[in-house]
1. Of all residues being surrounded by 19 or more Cβ atoms within 10 Å (Cβ to Cβ) and basic (Lys, Arg) in region 1-52, which is modelled with the highest pLDDT? Just the residue, please.
2. Taking the options 108, 144, 150, name whichever one is closer than 22 Å to residue 46 by Cβ and among the β-branched types (Val, Ile, Thr).
3. For residue 89, all conditions in the list (1) in contact with an Asp or Glu (Cβ under 6 Å, 6 or more places away or on another chain); (2) modelled with pLDDT of 95 or more hold save one; what is the number of the exception?
4. Report, ordered by the first and then the second residue, all pairs with beta carbons closer than 8 Å, sequence separation of six or more or different chains, a first member in region 14-38 that is over 12 Å from residue 59 (Cα atoms) and without any contact (Cβ under 8 Å) to a residue 40 or more places away in the chain, and a second member that is basic (Lys, Arg) and buried (at least 19 other Cβ atoms within 10 Å of the Cβ).
5. Looking for whichever is within 20 Å of residue 139 (Cβ to Cβ) and either under 13 Å from the mean Cα position of the chain (by Cα) or surrounded by fewer than 17 Cβ atoms within 10 Å (Cβ to Cβ) (or both) here; the options are 87, 94, 64. Which one fits?
6. Taking region 123-149, which residues are in a strand (DSSP E or B) and either touching a Leu at 6+ places or on another chain (Cβ under 9 Å) or of a type in the set (A, V, I, L, M, F, W, C) (or both)?
Amino acid sequence: MQAINKPLKKILKYLGSISPANKVRIYLLNLAGYCIGNQVYIGEGFLVIDKLQDRKNVIIGDRVSIAPRVICITASDPNNSKIAPYVTCKHGTVTIEDDAWIGAGSIIMPDVSVGAGAVVGAGSVVTKNVESYTVVAGVPARKIKKIDLINLK
């Protein structure tokens, strides 16, 4: 796909977040430049906070379920504030691997990967990578338990 201009990407992101139909949300977010796998559900109000660069800064694997009002932050800085020279700006890709489930209202910070089959509890703030088949929850998100794949039916 060729690079799209910033105003168009912003419009596509907005329309993707408010669309009532999952397939339309995914289509618009793909057009905006995000990499979204197959059989993915993205709830209404999904928001990506980024710098609008035309790069694959959000990667979502196959069979991922993202509940409503989830926020993925790929860029965070103080903009024009006087404190800008004194703080570290954070930029990085958010990756959600195959079969992960992200609970409603969760926030995923820059440069974080949520492993395959991981579960993020509703309202969590994910600041560090989440291991595959692990349940995390809280602010900041902490490991609750490992998912027992042997006894998984």
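1. It comes out as 25.
2. Working: 144 fails: closer than 22 Å to residue 46 by Cβ; 150 fails: closer than 22 Å to residue 46 by Cβ.
Exactly one residue qualifies, and that residue is 108.
3. (2)
4. Correct list of pairs: 16/25; 17/25; 19/25; 28/13; 32/9; 32/13.
5. Details: 87 fails: within 20 Å of residue 139 (Cβ to Cβ); 64 fails: within 20 Å of residue 139 (Cβ to Cβ).
On inspection, the qualifying residue turns out to be 94.
6. First, the residues of region 123-149 that are in a strand (DSSP E or B): 125-126, 130, 134-137, 142-146.
Within region 123-149, 125, 126, 130, 135, 136, 137, 144 meet the criteria.
The values are calculated or read from the model by the stated rules, or taken from the named source; none is laboratory data. Quick caveat, the model's predicted, so the values are computed rather than measured. Note that each Cβ is placed from the backbone with ideal geometry, even for glycine, and that neighbours are counted across all protein chains shown.
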